[in-house]
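Report on one structure; see the data block that follows.
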Amino acid sequence: MLNVVLYHPEIPPNTGNIGRLCHAADLRLHLIAPLGFSIDDRSLRRAGLDYWEELAPIVWDSLEDCLAEAPRTTKTYFLTTKTDRPYWSASFSENDYLVFGPETRGLPESILNSNPGKSLTIPQRRGRSLNLATSVGIVAFEAIRQLSID
């Protein structure tokens, strides 16, 4: 099972939509605190509909805590606009972790700098960015596509 990690998510409907995507695609969702909303937020639940209880996202106090639980054989990828390496160049494996930053600012430079060679991007026009839920869907389904070929 692939792992989707949302680092400090800010917008409840985005997280709800990502939760729905994770439920439909059988992906594990991890949320890294602090969250920009309550996990009981009505708009989060509305976007996730009735899937939220079954999804059972894991809330972590820190990214370090989350990744410390990952088996050593898994890979972690950090999605950012601050690299030229496209997401399709990665060779995804079962149980990989796909880490996405908050909607308004992305992943901090400190995380990207401490994980050299692990950054991926979705190529797009300069000055524009995709919605977080759309970005998660694009990368997650490329990983699923690769895994279904093996």
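The values are calculated or read from the model by the stated rules, or taken from the named source; none is laboratory data. Being a predicted model, the structure only gives us computed values, none of them experimental. Cβ sites come from the backbone with ideal geometry, for glycine too, and all protein chains shown count toward neighbours.
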Tyr97 vs (1) of a type in the set (Phe, Trp, Tyr); (2) in contact with a Pro (Cβ under 8 Å, 6 or more places away or on another chain); (3) modelled with pLDDT of 95 or more: all pass except (2)
If we ask which residues in segment 91-114 are more than 19 Å from Leu31 (Cα to Cα) and touching a strand residue (DSSP E or B) at 6+ places or on another chain (Cβ under 6 Å), their number turns out to be 0
Given the conditions (1) within 18 Å of Thr83 (Cα to Cα); (2) hydrophobic (A, V, I, L, M, F, W, C); (3) buried (at least 18 other Cβ atoms within 10 Å of the Cβ), every one holds for Ile122 apart from (3)
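Quick check on segment 98-107. Is at least one of its residues β-branched (Val, Ile, Thr), under 24 Å from Arg20 (Cβ atoms) and surrounded by fewer than 16 Cβ atoms within 10 Å (Cβ to Cβ)?
Initially, segment 98-107 is screened for residues β-branched (Val, Ile, Thr), giving 99, 104.
With the extra rule that they be under 24 Å from Arg20 (Cβ atoms), the set shrinks to 99, 104.
If we keep only those that are surrounded by fewer than 16 Cβ atoms within 10 Å (Cβ to Cβ) as well, we get 104.
Yes: segment 98-107 contains one or more residues that are β-branched (Val, Ile, Thr), under 24 Å from Arg20 (Cβ atoms) and surrounded by fewer than 16 Cβ atoms within 10 Å (Cβ to Cβ).
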Sole miss for Ile138 among (1) closer than 22 Å to Asn17 by Cβ; (2) at pLDDT 95 or above; (3) in a loop (DSSP other than H, G, I, E, B) is condition (3)
Ser62 fails exactly one of (1) out of contact with any helix residue (DSSP H, G or I) (no Cβ under 8 Å at 6 or more places or on another chain); (2) closer than 16 Å to Glu10 by Cβ, namely (2)
